[in-house]
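Working notes, structure below.
We did not get these values from a lab; they are worked out from the coordinates using the rules stated. What you see is a predicted model; the values in this text were computed from it and never measured. No Cβ is skipped: glycine too gets one built from the backbone with ideal geometry, and neighbour counts run over all protein chains shown.
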């Protein structure tokens, strides 16, 4: 074990100032970190980077030596191009402690790359890379959500209340311990989602050979006026508004039996193979957001038919029409295609013909009565 530096060494390194108001707290933090094996150079780098309170948690999250690209390629047994493609697909970026300008692969990640390589035995290489990109993107979003939640809900409150630097470091370190075994604990949920996805594709498949096309009702609902009111919001108010929007959208859509595909700013995209459930979700979103006194009004568009399912997202003319109908709707209005209206038990009113951006001919639409 490396020798723990004394107070004079810490002071000489610019890490500790005995005359500073927080001197005792800083010394406790430094002694705690040194006791965990953090060296002076690493401490100075963290201080310069503004991450002294996160050194212990950062080391725990991604432990081990960061390899150079050359060494990692040699250890993995992959070709240069394959290694680079997998690393890019995972969304890896340089992290602290990595060789300058490099990602810094660790030993456990060598095993991960080998597992990815085995996917090419089942899928074509380009398709395997597509799956890896989805995995990388999903993991990145989970990580961003967890970190932003901690910063907003825990760390900011700690700082506002004048909490100590040492206590914050301990809190951050304790929080990241929750990651331990998280993958195994999420395994049942992943298995269920895979089964649900398989059942959905079996129920909606149009092309029994290629398995690219599926029949879905697709909807978009956005909030008119959000851009204007968001300009005057504080960061805290905007975060609270977006959180309420996301929570409400998920609750309303799932309550109607449909499924949220994604949230894009102030817009929610949802789908369901049953047009009736999809329309109920669209109606409920319009009603719910109309009743919220937030200075915004919802509008929506929906369509039904063949879509291409890829990477967890939906593509095709039906999706584009639904999105454009939402753009064309007035506040409080839900516009739908005749194909969707005819496939449901709901009552709709004629809404004329709309010329939608990107389409050569006007589209006959109907409107859901208020």
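Starting from the coordinates of the alpha-carbon atoms of the chain, obtain the Kirkwood hydrodynamic radius over all distinct pairs and give the value in Å to one decimal.
Its Kirkwood hydrodynamic radius stands at 24.6 Å.
What 222 nm value per residue comes from the helices of the chain, counting each DSSP H run with n ≥ 4 as -39,500 (n - 2.57) and dividing by all residues, nearest 500 deg cm²/dmol?
-16000 deg cm²/dmol
How big is the range 197-367 along each principal axis, measuring the range of its Cα positions in Å and listing the largest first?
Extents along the principal axes, in whole Å: 53, 37, 29.
Bin by bin, in steps of 10 Å, what percent of the Cα pairs in the range 69-180 do you find, going until the bin that has the longest distance?
12, 34, 28, 18, 8, 1
Tell me the angle of helix 107-119 to the major Cα principal axis of the chain, expressed in degrees between 0 and 90 and rounded to the nearest ten.
30
Is the shape of the range 149-279 best called rounded, prolate or oblate, per the rule: a/c under 1.5 gives rounded, else a/b larger than b/c gives prolate, else oblate, with a ≥ b ≥ c the square roots of the Cα gyration tensor eigenvalues?
It comes out oblate by the Cα gyration axes.
Using the 10 angstrom Cβ neighbour count as an exposure proxy, how do 120, 337 rank, fewest first?
Ordered by Cβ neighbours within 10 Å, fewest first: 120, 337.
Calculate how large, on average over all directions, the projected area of the Cα convex hull of the range 7-50 is; give the answer in nm² to one decimal.
Approximately 2.9 nm², given one-decimal rounding.
How do 264-275, 28-39, 62-73 rank on mean C-beta neighbours within 10 Å, highest first?
Answer by packing, highest mean first, reads 264-275, 28-39, 62-73.
May I ask for the angle, rounded to the nearest 10°, between helix 235-255 and the longest principal axis of the chain, with both axes built from Cα atoms and the value confined to 0 to 90°?
Taking Cα atoms only, the helix is inclined about 50 degrees.
Calculate, for residue 193 and residue 118, the FRET efficiency according to 1/(1 + (r/R0)^6) with r their C-beta to C-beta distance and R0 22 Å; round to the nearest 0.05.
The computed FRET efficiency comes out at 0.55.
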